[in-house]
1. Test A:Gly40 against the criterion of being among the small types (Gly, Ala, Ser) and buried (at least 17 other Cβ atoms within 10 Å of the Cβ), and give yes or no.
2. Looking only at region A:1-18, count how many residues are more than 7 Å from DNA strand C (Cβ to nearest atom), of a type in the set (Lys, Arg) and part of a helix (DSSP H, G or I).
3. Answer yes if at least one residue in region B:88-101 is small (Gly, Ala, Ser) and within 14 Å of DNA strand D (Cβ to nearest atom), and no otherwise.
4. Go over the candidates A:Ser98, A:Ser83 one by one and state the one that is more than 8 Å from chain B (Cβ to nearest Cβ) and either within 12 Å of B:Leu112 (Cβ to Cβ) or at pLDDT below 95 (or both).
5. Tell me which residues, restricted to region A:58-99, are among the hydrophobic types (A, V, I, L, M, F, W, C) and closer than 21 Å to B:Pro59 by Cβ.
6. Counting only residues that are touching a Ser or Thr at 6+ places or on another chain (Cβ under 8 Å), free of Cβ contacts under 8 Å to residues at least 40 places away in the same chain and away from DNA strand C (no atom under 11 Å from the Cβ), how many does region A:19-58 have?
7. Quick one: B:Val61 ticks every box in (1) part of a strand (DSSP E or B); (2) away from DNA strand C (no atom under 13 Å from the Cβ) except a single one, so which number is it?
2 protein chains.
Amino acid sequence: MVRRKTRQGDVIRQVFEDEARPLSPAEVLSLSRKVITTLGQATVYRAIKQMVGDGLLIPVVVGGTTRYERAEMDHHHHFHCQSCDKTFDLPGCVENISKLVPEAWKILTHELTFFGMCQACNGEA
Amino acid sequence: MVRRKTRQGDVIRQVFEDEARPLSPAEVLSLSRKVITTLGQATVYRAIKQMVGDGLLIPVVVGGTTRYERAEMDHHHHFHCQSCDKTFDLPGCVENISKLVPEAWKILTHELTFFGMCQACNGEA
DNA sequence: CTTGTTGCAAAGCTTTTGCACAATC
DNA sequence: GATTGTGCAAAAGCTTTGCAACAAG
């Protein structure tokens, strides 16, 4: 099973580069169709699944929707704007965060998400 | 529209009391059917939606699934066990957590979730 | 009795899959 | 040319809704 380079795959990968924030399959489809108008949604789902399998993307569930973002990023967290429904990255983490979990439990990872209004939407309000 | 007391509603409310952790609709259905075997899933979804509307439950999305928990709890966070797929409460919070968000953004709330193995599953491994 | 509630089944959504055709290597 | 990738449409999950029968007050 050798991976082939295709126009569709290129465009989808480029969308993640350009947006630089977690994207839902619907967002990826919509953004990619600006380049390839006939792009099928199944292709988007398959490309995302493949990229997750290849370790290029990781899923993050924010606000009820599963979104995907580039795996290469440093550890960070998220902000979800309840006005424009976009999710943004927040660099950094917090000290002593694992003190919340009892010793006998094994932590593999953690996710921290803030909800509110992003700068753009907050300014308009 | 006066709310009526029904056997189904009582059982569903009791399940949330007894489990004392965030439950998915499927978990609620399964647990409630131990008492009312003929309970329909639509009834569970409707009861949950009603309780959310009444401010008795709040939705929390953990590990891709939407779960619901009693709203009366103090601010806290969650641990999701990747082995048994259950979500647990973690009392407390972390200092200075909002330092991650730029000043110009408006924070309404935040969610913190740890993923790993709960004590029970970790012991078995 | 009046009207909210239930269970079933159908409908909606989002995500996945089957298949014939197209594209890559 | 052999095989992977694509697009369409059908299928599979999960959640919501329409509706006739039921039951609470």
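1. no
2. Selection size over region A:1-18: 1.
3. For region B:88-101, residues small (Gly, Ala, Ser) and within 14 Å of DNA strand D (Cβ to nearest atom): absent.
4. Sole residue among the options that is more than 8 Å from chain B (Cβ to nearest Cβ) and either within 12 Å of B:Leu112 (Cβ to Cβ) or at pLDDT below 95 (or both): A:Ser83.
5. Scanning region A:58-99 gives A:Val60, A:Val61, A:Val62, A:Phe79, A:Cys81, A:Cys84.
6. Total satisfying the criteria: 1.
7. (2)
The values are calculated or read from the model by the stated rules, or taken from the named source; none is laboratory data. Since we're looking at a predicted model, the values are computed, not measured. FYI the Cβ positions are ideal-geometry reconstructions off the backbone, even for glycines, and counts take in every protein chain you see.
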